[in-house]
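Here the structure is laid out as structure tokens; the discussion comes afterwards.
The values are calculated or read from the model by the stated rules, or taken from the named source; none is laboratory data. Every value quoted in this text rests on a predicted model; they were computed, and no experiment measured them. Every residue, glycine among them, receives a Cβ derived from its backbone with ideal geometry; neighbour counts consider all protein chains shown. Only protein heavy atoms, including side chains, enter the accessible area calculation; ligands, DNA and RNA are left aside. Shrake-Rupley method; radii C 1.70, N 1.55, O 1.52, S 1.80 Å.
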Amino acid sequence: MKISYNWLKDYIDINESAEEVGDVLTQTGLEVEGIEQVEKIKGGLENLVVGEIKECTSHPNADKLKLTKVDIGNGELLPIVCGAPNVAQGQKVIVAPVGTTIYPSEGEPFQIKKAKIRGEASQGMLCAEDEIGLGQSHAGLLILDASKPVGTPIKELFETGSDHVFEIGLTPNRGDATGHFGVARDLKAFYKRPLKIPTPKAKETKRDNPISVAVENAVSCPRYSGVTIRGIKVGHSPDWLQWRLRAIGLSPINNIVDITNYVMMSLGQPMHAFDADKIKGGKVVVKNMPSGTKFTTLDEEERELHADDLMICDETDGMCIAGVFGGINSGVKDSTTSIFLESAYFSADAVRATAMRHGLSTDASFRYERGADPEMTIPALHMAIDLITELAGGYLASDYTDVYPEKIEAVQIETSFENFHRLIGVELSNERIIEILNSLDIETSKVTDTTFTATVPPFRSEVTREADLVEEVLRIFGFNNIPLEESFSAGFLASFDEKEPYKVQENLSLFLSGSGMSEIQTNSLTNPKYHHDLTLGGNPIEILNKSSEELGYMKTSPVYTALESVRHNINRRIPNLQFFEFGKTYELKNEKYKEQEVLGLYLTGSKREENWIAESQKVDFFDLSKKAHAVLHHLRIDKYATEPADGEELFDFGLHIKFNNKVVGRIGKLKSTISKYFEIKQDVFYAEFLWKDLIKATRLESEFTEISKYPEVRRDLSLVLDKQVSYNEIRDLAFKSEKKLLTRINVFSVYEGDNLEAGKKSYAISFHLQDTTKTLTDKVIDKVMNGLIRTFENEIGAIIRK
């Protein structure tokens, strides 16, 4: 969630820097993940100056270009080639001298350099408004007032402005802080400063065909407020309002929609404006529609409604999915002259369920899902009405409608000061505890020397018990202000794993990093859509109190989030990737939650970029296999077997790695359908290990043997076999037949072709023999090789070509 530093100043006086305010917000529970400086006009019009065109003649080599000489006040006339149709002698224009970086409204910034255009020198650029981010027009040069002095910096003529925007990782329990006003409340408590609460202007109501309201489902809609406004004129929002919205990442649409967004971002209260003339029967009905009803939303997608989806309807049709998304036919258009302005409080559970069913996540649902403030509907209407009548004209055509059959009461919690001292770990004064709670709008009553009663307002719906009150005091008092002892002791010594898995992991991380791989860490939460579409892993675990619909499941496969990272890098022109990740997967199995640690390796792109002595070479399965076997070797694991990964849900082809007949690893090329699902066009190779099984199999100490002073001998055999015989079978038979002298074998050629019988293939294999006590004689070598030949002939029907 984005919060503007300048916008906060509307609600509280702030003298501290953005960085200091960010630290305070993080300390008080609103974690600031980053602070970005944004500019109203990108680049701030830096180095652009006022210039006067002293000469303007036709270009000798181009009909549509002009040669100009421009005075920018530095004592010389700059030759500049210009193609604008309106360029003329005597104009005052915006000049970008050589060395200036300009930031166009669309596209990437670029630097002005000396150039020759059709053979004529050009030492600068005369600018249109879209070329420097001042607008969208490219019809011609932006002509300035003739009174502007030559050489004047352009940034002095236009309001540039800048802001700092906090990126806040809002947790699901902080529905009170989904707007600037809510964030300012925390700063009020910390800094002990009053809030600046705007006073609504008095408005005269002229009843004119008002829209009536009926709420048929008060459980999903406990409060519904609204008002009719007529005589408005839809148009562009003023510059200040557009800048406010753009600073936090919202695109201006028109003055009415922008105002509803502005109020939502200010107060945390979602609003919706309906075209009043399109409300059939002049009546708004809040109800559920029959299951299977078709409804087209603003994104022009037809959706099938569920019986539990709450809808805002007129007398005949649905107009909006309540708290989630508007309909295509009832919104505000350029021709709209009358609106019905909605400001409602919808049930968090109802909105969350509907948004998830339809795969929607909007600014409105983000706020309703966390629990909006039921007492904010009318103040939001006041604010919106003041802005609409000021910026779009019009008049109130009705009194406020406020359907609120059962008031949501504040929660009362009885507590004791002793419990605060015990849970916080330090003894705060009773007065300080009361002061902090009151500063957070939590009223206190029945205060004695030992106990008191706290009354929690509805906008703090997550504060329901004594421990929650303690946390509220602690986050304002400051976690950093709790002293820690120099040493800690315990009454018992816990058992520990001799292998210390975290050290093994750290050591392996260093090894993989040293081999050229990069470690990634991705979210344990993932998009439910991935599992619905791909179904990798077991039964998913759904998050009940989601921070967003895109993070609704615990991930059943590490591939989901890792491929997001792969796609992110490829889209930023980093196609050659080698990633590893220590992560976890989660599933619901036999009605129990199961968590599993996994190590994943990912290779894609090229081993190296092309250079003057070598072409680029794509990574392949064997590169991944080498990495996977290097992991096993580094962990001193040598007792394992491999077999083809037939029917594997992840791979087009691959291998399983087994310990004691249990599959503990799998390596292969990810299915093309999976890669393409994540918009990855290049092959991705993936290896996955069950980390706990690797830890169990790893050996703590290395074993060393003296290097033999007797030479190793190599003998080669060519074996013609049935196609179904695998290399693994050959290897296992070889070591079973000769356990003492055979040290290793290697296949260096595989052939299938016309020179062999149908259903046959040929392996060329080298066998390496060594005796650590003496030099091998030809007689001993021949005996070993003859034994191997007999085994291959008898066990797998091999035809030997010596």
Q) Using the Cα atoms as the points, what is the convex hull volume per residue of the chain in Å³? A) 297 Å³
Q. Which part of the stretch 586-628 falls in the paramagnetic zone of Arg573, meaning amide N under 16 Å from the point 7 Å along Cα-to-beta-carbon?
A. 609-610
Q. Rounded, prolate or oblate: which fits the stretch 495-581 when a ≥ b ≥ c are the square roots of the eigenvalues of the alpha-carbon gyration tensor, with rounded for a/c under 1.5 and prolate only if a/b beats b/c?
A. oblate
(Q) Per residue of the stretch 667-682, what does 6.51 cos²θ - 1.76 cosθ + 1.60 with θ = phi - 60° give for ³J(HN,Hα)? Whole Hz please, x for Gly and Pro, Karplus curve as stated. (A) 9, x, 8, 4, 3, 4, 5, 5, 4, 5, 4, 8, 6, 9, 8, 9
Q) Using mean Cβ contacts within 10 Å as the protection proxy, how do 660-668, 324-332, 591-599 order, highest first? A) 324-332, 660-668, 591-599
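Over the stretch 697-802, calculate the relative contact order: mean separation of alpha carbon pairs under 8 Å at least 6 apart, over the residue count, as a percent.
Numbers: 141 pairs, mean separation 43.3, N = 106.
Relative contact order for the stretch 697-802 comes out at 41 percent.
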Q | Approximate spin-label separation Asn329-Ser718, in nm, with each point projected 7 Å along Cα-to-Cβ | A | 7.9 nm
Q: Evaluate the distance, in nm, between pseudo-label points positioned 7 Å from the Cα of Lys739 and of Asn661 along their respective Cα→Cβ axes.
A: 2.0 nm
Q: Please report the relative contact order for the chain, taking Cα pairs under 8 Å with a sequence separation of at least 6, and give it as a percent rounded to a whole number.
A: 8 percent
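Given a Förster radius of 41 Å and the C-beta distance between Lys626 and Thr775 as r, what FRET efficiency does 1/(1 + (r/R0)^6) yield to the nearest 0.05? Could the numbers behind the result be given before it?
On the way: r = 33 Å, r/R0 = 0.81.
After rounding to 0.05, the efficiency reads 0.80.
Kindly rank 722-730, 186-194, 551-559 from highest to lowest mean number of other beta carbons found within 10 Å of each residue. Each step should come with its number before you reach the end.
Working: 722-730: 14.2, 186-194: 17.3, 551-559: 23.7.
Output ranking for 722-730, 186-194, 551-559: 551-559, 186-194, 722-730.
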Q. Which percent of Cα-Cα pairs in the stretch 749-802 sits in each 5 Å bin, short to long?
A. 4, 15, 22, 21, 15, 11, 7, 3, 2, 0
Q | At 1.306 mPa s and 10 °C, Stokes D of the stretch 607-679 from Kirkwood alpha-carbon radius, µm² per second | A | 112 µm²/s
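Return the Rg/Rh value of the stretch 242-284, two decimal places, where both radii are evaluated on C-alpha atoms and Rh is the Kirkwood radius.
1.10
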Q | Of every Cα-Cα pair in the stretch 1-110, the percent that sits beyond 20 Å | A | 60 percent
(Q) Could you tell me how far the Cα centroid of the stretch 429-470 sits from the Cα centroid of the stretch 764-779, in Å? (A) 83 Å
Q: Based on the mean of other Cβ atoms within 10 Å per residue, sort peptides 477-483, 25-31 so the most packed one is first.
A: 25-31, 477-483
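Using 0.36 nm per residue, how much length does the chain from Asp23 to Lys499 gain when fully extended, once their Cα-Cα distance is taken away?
Full-extension gain reported as 167.4 nm.
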Q) So who's got an amide H within less than 5 Å of the one on Val411, skipping anything under 5 residues away but keeping other chains? H placed 1.01 Å off N, in plane. A) Val456
(Q) If I take all pairs of Cα atoms in the stretch 298-365, what percentage of them are more than 21 Å from each other? (A) 24 percent
Q: Using Cα positions and a limit of under 17 Å, work out the aspartates and glutamates in reach of Lys639, with same-chain residues fewer than 8 apart set aside.
A: Asp693, Glu701, Glu703, Glu729, Asp732
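Which whole-number percent of Cα pairs in the stretch 250-354 have a distance greater than 18 Å? Don't skip to the answer; put the middle values down first.
Working: 2615 of 5460 pairs.
Looking at the stretch 250-354, the distances longer than 18 Å represent 48 percent of pairs.
Evaluated at 37 °C with a viscosity of 0.692 mPa s, what Stokes-Einstein diffusion coefficient in µm²/s does the stretch 642-737 have when Rh comes from the Kirkwood expression over alpha-carbon pairs?
Numbers: Rh = 17.2 Å.
This corresponds to a translational diffusion coefficient of 191 µm²/s.
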Q. Roughly speaking, what is the stretch gain from Thr464 to Leu700, that is 0.36 nm per residue apart minus the C-alpha to C-alpha distance, in nm to one decimal?
A. 80.0 nm
Q) When only C-alpha pairs under 8 Å and at least 6 residues apart count, what is the relative contact order of the stretch 204-268, in percent? A) 24 percent
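For the chain, report the accessible area per residue in Å² (1.4 Å probe, heavy atoms, rounded to an integer). Mind showing how you got there, number by number?
Details: 41180 Å² over 802 residues.
Roughly 51 Å² per residue, with all protein chains present.
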Q: Pop out the ³J(HN,Hα) list for the stretch 195-212 in order, Karplus 6.51 cos²θ - 1.76 cosθ + 1.60 with θ = phi - 60°, rounded to Hz; leave Gly and Pro as x.
A: 7, 9, 9, x, 9, x, 7, 5, 10, 8, 9, 10, 4, 8, 6, x, 7, 8
(Q) Just to be sure I understand the model, the point goes 7 Å from the Cα along the line to the Cβ. What's the resulting Ile197 to Ala62 distance in nm? (A) 6.3 nm
Q: Translational diffusion coefficient, Stokes-Einstein: compute it for the stretch 388-533 using the Kirkwood radius over C-alpha pairs as Rh, at 10 °C and 1.306 mPa s, and state it as an integer in µm² s⁻¹.
A: 73 µm²/s
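Roughly speaking, what is the stretch gain from Asp732 to Lys618, that is 0.36 nm per residue apart minus the C-alpha to C-alpha distance, in nm to one decimal? Intermediate values should be presented prior to the final figure.
Working: separation 114, 0.36 × 114 = 41.04 nm, distance 3.16 nm.
Going from the current span to full extension adds 37.9 nm.
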Q. So, how do all the Cα-to-Cα distances of the stretch 369-432 break down into 10 Å bins, in percent, from 0 on up?
A. 14, 26, 19, 19, 14, 7
(Q) Output needed: percent of Cα pairs per 5 Å distance bin for the stretch 217-260, bins running from 0 to the one holding the longest distance. (A) 5, 18, 21, 13, 12, 15, 12, 4, 0
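Please give the direction-averaged projected area of the C-alpha convex hull for the stretch 558-681, in square nanometres with one decimal. All intermediate terms of the calculation are to be shown ahead of the outcome.
On the way: hull surface 39.0 nm².
Projected over every direction and averaged, the Cα hull of the stretch 558-681 covers 9.8 nm².
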Q. Using the C-alpha gyration tensor of the stretch 691-802, what are the square roots of 5 times its eigenvalues, in whole angstrom, with the largest one first?
A. 29, 22, 12
